[in-house]
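Coordinate-derived values only; no laboratory data. As the structure is a computational prediction, the values presented were derived from the model and not from experiment. Because the Cβ atoms are built from the backbone with ideal geometry, glycine has one as well, and the counts that use them run over all protein chains shown.
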Amino acid sequence: MKISVIIITRNRAKSLENCLRGLLEQELLPNEVIVVDSSTDKMKKVINSVAPNLNISHIFEMAAGVALARNIGIRNAKYENIAFIDDDCIPAPNWIKNIIEGLKQHPEIPAIGGKSINVGGNIYCELDQLLFSFSVGTQDFHSDSLSRKLKRYLLPYSLNIPRFIKTLPTRNIIYRKKIFEKIGLFDENFTLAAEDTEFNYRLNNYGFTLYYQPEIELSAPSVRTFNY
């Protein structure tokens, strides 16, 4: 089973370097890494420092918004499974290994995603973790009961419960490439954010669900801002 990893980036050279080095330290290396870059700073040096040890394609697209950048990555991906990770996140060493295991365990599921743990204590980080924990902690594809949602969110281990789910952010999600052929790509009207939510709910409307696998884990940065 082969994995294409897509990273979209803009003016975060140090963060991208840390992310790429996290991929380099995987127990199983990805088959390819596609960096879609709309930076005004010098990313090429960062990518070249890691490229000899990873199969990296660097695509420069100055006009790219988030949805357009993701679609560029998808169109250039060679392999049947596409993993998205944000440029300022660092995957656990078993990230790729657990992605492959999750896809094999759930061959009927078109998308699978994992846990995001924010490190550090600044206000952006804390808010981001709160939003992720509430979103994932309250979701259950098979029940919209408010009481069940709140009970699950209040459980201290709610992020450690694997389950079917409606949506997950693209900072840590894997799609089978064939799903894009069936329902289309990301809506390029979304230039800054929410393209993942729109796509995942479109996927739901086609009768599909996602699967949350907490072992597919990454860490988000100690300083996170909401800039693409």
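Give the residue list of GluC sites (Glu not before Pro) in region 5-68 that are DSSP loop and have at most 15 other beta-carbon atoms within 10 angstrom.
Values: sites: Glu17, Glu25, Glu27, Glu32, Glu61; in loops: Glu25, Glu27, Glu61.
Sparse-neighbourhood loop GluC sites (Glu not before Pro): Glu25, Glu27, Glu61.
Once the piece of chain linking Asn160 and Lys182 is laid out straight, how much longer is it, given 0.36 nm per residue of separation minus the C-alpha distance between them? Provide the component values of the computation, followed by the final result.
Values: separation 22, 0.36 × 22 = 7.92 nm, distance 3.08 nm.
Going from the current span to full extension adds 4.8 nm.
Could you work out how far apart the two model spin labels at Ala193 and Glu80 are, taking each label as a point 7 Å from the Cα in the direction of the beta carbon, and quote it in nm?
Label-label distance for Ala193 and Glu80, simple model: 3.6 nm.
By count of other Cβ within 10 Å, fewest leading, how are Asp37, Asp187 ordered? Display every interim value, and only then the final one.
On the way: Asp37 24, Asp187 14.
The order, fewest Cβ neighbours first, is Asp187, Asp37.
Which trypsin sites (Lys or Arg not before Pro) in region 1-88 pass both tests, a DSSP loop state and at most 13 other beta-carbon atoms within 10 Å?
On the way: sites: Lys2, Arg10, Arg12, Lys14, Arg21, Lys42, Lys44, Lys45, Arg70, Arg75, Lys78; in loops: Lys2, Arg10, Arg12, Lys42, Lys78.
Qualifying residues, ordered by number: Lys2, Lys42, Lys78.
What's the Kirkwood radius of region 1-51 in Å, using all Cα pairs?
Values: mean 1/r = 0.0881 Å⁻¹.
This gives a value of 11.4 Å.
Which value in nm describes the separation of the simple spin-label points at Lys14 and Thr40, placed 7 Å from the Cα toward the beta carbon?
2.0 nm
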